[in-house]
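Note sheet for the following structure.
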């Protein structure tokens, strides 16, 4: 699988370890940075990751920052991306199965390497269930127009 991975300065060490682990598992990995502890802005890396997934350069994405929150928000600004912030394998599995998530986000300050690997394994080995979930997932990129009461 083609996987893009990106992080800010708080997660660059976790990113490097996960990129190596993914390559060892046979995946093609595009490391979009950052590559050191110097302070950077997580939205820049989230937007780059989202663009790689949106334009098809990557089938899946892995977004990392200190908490996972900021970078997941930036990835989700792209309507082609469905980024799920996860902290354990069940949420990663359900993100794929029910939400057809194409990007997973994690926080390096909250998730250790072994748990991050378990989350990635669940994320990458779970298929989208389709069926009743298709209608819901379609609404994530194309929200319905709702009437509001005054």
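The values are calculated or read from the model by the stated rules, or taken from the named source; none is laboratory data. Remember, predicted model here, so these are calculated numbers, not experimental data. Because the Cβ atoms are built from the backbone with ideal geometry, glycine has one as well, and the counts that use them run over all protein chains shown.
For the range 41-65, a residue qualifies if it is surrounded by fewer than 18 Cβ atoms within 10 Å (Cβ to Cβ) and in a loop (DSSP other than H, G, I, E, B), and the qualifying residues are 41, 55, 56, 57, 59. Among the numbered conditions (1) surrounded by fewer than 16 Cβ atoms within 10 Å (Cβ to Cβ); (2) touching a helix residue (DSSP H, G or I) at 6+ places or on another chain (Cβ under 6 Å); (3) farther than 22 Å from residue 125 by Cβ; (4) modelled with pLDDT of 95 or more, the only one that residue 16 does not meet is (2). Take the residues in the range 110-135 that are under 16 Å from residue 99 (Cβ atoms) and part of a loop (DSSP other than H, G, I, E, B); name whichever of them is farthest from the chain's Cα centre (by Cα). Only one residue fits best here, namely 131. The residue of the range 107-150 that is nearest to residue 9 (Cα to Cα), among those that are modelled with pLDDT of 95 or more, loosely packed, with under 15 Cβ neighbours inside 10 Å and touching a helix residue (DSSP H, G or I) at 6+ places or on another chain (Cβ under 7 Å), is 109. Scanning the range 80-96 for residues being farther than 16 Å from residue 138 by Cβ and either surrounded by 20 or more Cβ atoms within 10 Å (Cβ to Cβ) or modelled with pLDDT under 95 (or both) gives a total of 7.
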